[in-house]
Amino acid sequence: MDISASTGPPASTDDPVAAEVRPPGDAIAAPATAAPTATRPVGAVRPVGAVPRALPVAALAGCAVLALVVGFGPGPLRLPGLPSSGEGTYWALPFARLVGRIASVATLGWLLAAAVLLPARRVPVRRDREPSSADDAPASLADDTAPRTDDAAPRTGEAAPRTGEAAPRTGDVATRAGAQARARSDDRPPAGLPERAAGSRQRPLTSTARRCGRYAADAAVVWMIATLAELVFTLSDVSAQPAGDVLDLHALRSFVASTEQGRALLTVAALAAVVAIVGRTVTTTTAAGALLAVAAVGLLPPVLAGHAATSGDHAIAVVALAVHILAASAWAGGLLGLLSAVRLPAGSFGPALRRHSRFAAGAAAATAVSGIGGAALRLGGLAPLWETRYGLLVTLKAVGLITAVALGGLLRRRVVDRVTTATAETGTTANTRTAAETGTTAGAVGRFVRLAGVELIVLTATLGLAVGLSRTAPPVDDALVPADPTRALLGYPMPPPVSAARLAGDWRIDWVFLSACVLAAGLYLAGLLRLRARGIRWPVGRTIAWLCGLAVVVFATSSGLGRYGPVLLSVHMTQHMLLSMCAPIPLVLGAPVTLALRAMRPARAPHRSGPREWLVAVLHSWPVRVLTHPAWVTANFIGSLYVLYMTSLLTTLMHNHLGHLYMNVHFLAVGVLFFELLIGIDPLPRRLPHPGRIIMLLSAVPFHTFLGIAIMSESSLLAADWYGRLVRPWGVSALSDQHTAGAIVWAFGELPTFAVLVVLVIQWSRMDDRRTRARERRIAAAGDVDAELDAYNAYLARLADGPTRRRTAATVSPAVRMTTTPPAPRTAPDDEGRGGRQATGGGG
């Protein structure tokens, strides 16, 4: 049977190439004998009912596993003479939670498919003429591996690119018009952002992606209902009353207002309602991405009210659980989203499958690492793995995740590589495929449906184990141990007396910052290796600066400073000064955004966007324009210290599980933004001139001095509800330590301020030389002389030669004869003035 002759719908809107408007002359003439019949694209693969079969079976598997866990559990607590919630709540609560988790995973996965995995429809671009040269060609026709001018252009604070980094490609016609266009392209402001491709702001979704949005809205409805049911059953469980007795508006309102768990569940239900309402109207990748962020946030509130929030090392346990839930949900949800898109043409499904394969590998790694870290905190050793019920469930959950990883590897080896290779060899459109090639691809996609379905079932069964695990008491339960109040506040015992040696050597690893710094260093070095493979040199000083900045962050958060920071306000203040004034200086000199723009390749067809395009879109977004405005950055850099230390916010954050982490992240981010505006190299929406930068730097000095004096002269204890409750048998009083913290604020900023001032002066002094070199490169690229500059030099030479030069001036050609009024001298760069050069006389 000839597959190309089978009947079906017309050309599918799922093929992004179908939406392209071809320029005149590019149309492919159809044979005279071809009849205009509606045919299915040859590359389309149509397994029927992939999702209707996989999702119910996976849900049943999860419910069966949960039933086994609950059925073999201890049963509801019954004490003589005391009320009980009953068997109904005992069984209904975990199943309501499981249904909500499955619905949340489905919501996240379908939105992930619509916003990230599936190709968007191409925005029609009409061209009235054929490009005359490579310089006139649209950006979409450029070679993916060719260096771009947007991230290689010289700019303030950055050395000019070396010769050869942006060499013209083979076959380019270096016409005079093209050379002049390249010269004009260098006349952009030196601190400008990389250009964004036309139509990248709003990319319309294909019909399959819009259908995923509708599926996500339906799943969000189930998510919301299951969460509200979980809220009712949770109230029944904690109040030891049957569910029917707590269905009272006053009781529910009181539960939500008085407990963190009630507020968390209500927040999740509200976010799910937003996704359910908006999901059906999503038509662009930007809207789908925003809704994806809302759904991801909806997974986090229960984390702050679970077992992790009551354990020792609160922040680490909560962050590990949050990463674990997000990564596992994206892993399983992305698989479900791809199962919904198997009807796509092979030219679109193959790239989507390849992108999900890379994404799933990272998500699986994050799931494994965060799960191991969380289990280690809760178990406290290896023996509970086989001695306790909690450890047995953790072991079974680990087996399930390992099985899913093995299935993912099998999927990649047998399906992903074959589909992507077939797509690359035979073309991305249906018109270039034969029936045999299409059958091969269809067989590979069929294997994907079977393997992905099994992997989804395994992941959902593991999710059932995770829900059962949340209903099981861990062997290490710090909330039930009436230890000393200091350990209850800190999460660890009171350290020994402070000393310089202990501050430097008594490390307490902050796994959140250490993991983030290791990841940042690895990504930076990977980008550096990619540039080196292309033959592009990257300054060694930037690499050293970036690694030194990360080392300062690790030292400030994981050394003895991290251990003694919650105990002594002076050490706490030293941490904040290091994170806000020392670490950001080398970090911004490392230019990580510039490295990312140069190292990442543009998205491959049929995808219209990828990591590089997302980064460019973020740089162009209005939140970045607001957050990097000099007035806002300066006010935030100065005012955040006053808001934290002069109000009760410090006490609130110290008592919060993640409060100390929030403060460290905030001060690091504020410092990076402040010094990026002053001495940074990365592209930003706006930058001040150098005199404005110096004023911005010096304006922060008196405010730090005044804050230090205010803390030193304060007679009452800051955060008294925290530092006053700590039982510290050594050292000076809390008030004396507070005065030391004020002195640190007063004196700490002088050395970083002086260093930044020196860097600013050096950058300012080198700006003229850099602009002169850029001007000379533009003149050489245009193959022309700078007539205006030559005329001015001739005028100066005539003045120096005296009367003899004036007598011979009459013999000079009229085309270059000078007037008695000298031309106005111009500064070297045209970058900050007009876009092009104005030739005088007969200069070309």
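A few comments on the model shown:
- Verdict on LEU291 being farther than 20 Å from SER470 by Cα and part of a helix (DSSP H, G or I): yes
- Hits in the range 385-419 (condition: under 15 Å from ILE457 (Cα atoms) and out of contact with any helix residue (DSSP H, G or I) (no Cβ under 8 Å at 6 or more places or on another chain)): VAL399, ILE402, ALA406
- Of everything in the range 656-686 that is more than 18 Å from VAL319 (Cα to Cα) and open to solvent by 40 Å² or more (accessible area, probe 1.4 Å), the residue that is modelled with the lowest pLDDT is ARG686.
Conditions (1) of a type in the set (Phe, Trp, Tyr); (2) closer than 14 Å to ALA270 by Cα; (3) open to solvent by 50 Å² or more (accessible area, probe 1.4 Å), marked per residue:
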residue: ALA217; (1), (2), (3): no, yes, no
residue: VAL221; (1), (2), (3): no, yes, yes
residue: LEU231; (1), (2), (3): no, yes, no
residue: VAL238; (1), (2), (3): no, no, yes
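- Residues located in the range 325-376, provided they are over 17 Å from ALA114 (Cβ atoms), over 19 Å from the mean Cα position of the chain (by Cα) and among the small types (Gly, Ala, Ser): ALA346, GLY347, GLY350, ALA368, GLY371, GLY373, GLY374, ALA375, ALA376
- Comparison of VAL476, VAL467, VAL481 shows that the only residue that is modelled with pLDDT of 75 or more and among the β-branched types (Val, Ile, Thr) is VAL467.
- Within the range 755-766, restricting attention to residues that are farther than 15 Å from SER580 by Cα and surrounded by fewer than 18 Cβ atoms within 10 Å (Cβ to Cβ), the residue that is farthest from the chain's Cα centre (by Cα) is SER765.
- Residues considered: ILE694, ILE709. Of these, the only one that is open to solvent by less than 40 Å² (accessible area, probe 1.4 Å), more than 24 Å from PRO592 (Cβ to Cβ) and among the β-branched types (Val, Ile, Thr) is ILE694.
- Checking every residue in the range 431-454 against the condition of being modelled with pLDDT of 90 or more, of a type in the set (A, V, I, L, M), out of contact with any Ser or Thr (no Cβ under 8 Å at 6 or more places or on another chain) and farther than 26 Å from VAL319 by Cβ gives zero matches.
- Selection status of LEU379, at pLDDT below 80 and more than 29 Å from ARG447 (Cβ to Cβ): yes
Let's see how each residue does on (1) out of contact with any Cys (no Cβ under 7 Å at 6 or more places or on another chain); (2) surrounded by fewer than 23 Cβ atoms within 10 Å (Cβ to Cβ); (3) without any contact (Cβ under 8 Å) to a residue 40 or more places away in the chain:
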{"position": "ARG537", "(1), (2), (3)": "yes, yes, no"}
{"position": "CYS548", "(1), (2), (3)": "yes, yes, yes"}
{"position": "MET573", "(1), (2), (3)": "yes, no, no"}
{"position": "VAL588", "(1), (2), (3)": "yes, no, no"}
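- Test: residue in the range 620-641 that is open to solvent by less than 30 Å² (accessible area, probe 1.4 Å), touching a residue at least 24 places away in the same chain (Cβ under 8 Å) and either on the phi > 0 side of the Ramachandran plot or not in a helix (DSSP H, G or I) (or both): yes
The values are calculated or read from the model by the stated rules, or taken from the named source; none is laboratory data. In this text, all values refer to a predicted model and were calculated from it rather than measured experimentally. For neighbour counting, all protein chains shown are included, and Cβ atoms are generated from backbone atoms with ideal geometry for every residue, glycine included. Areas reflect the complete protein model, heavy atoms only, side chains present, ligands, DNA and RNA absent. Shrake-Rupley method; radii C 1.70, N 1.55, O 1.52, S 1.80 Å.
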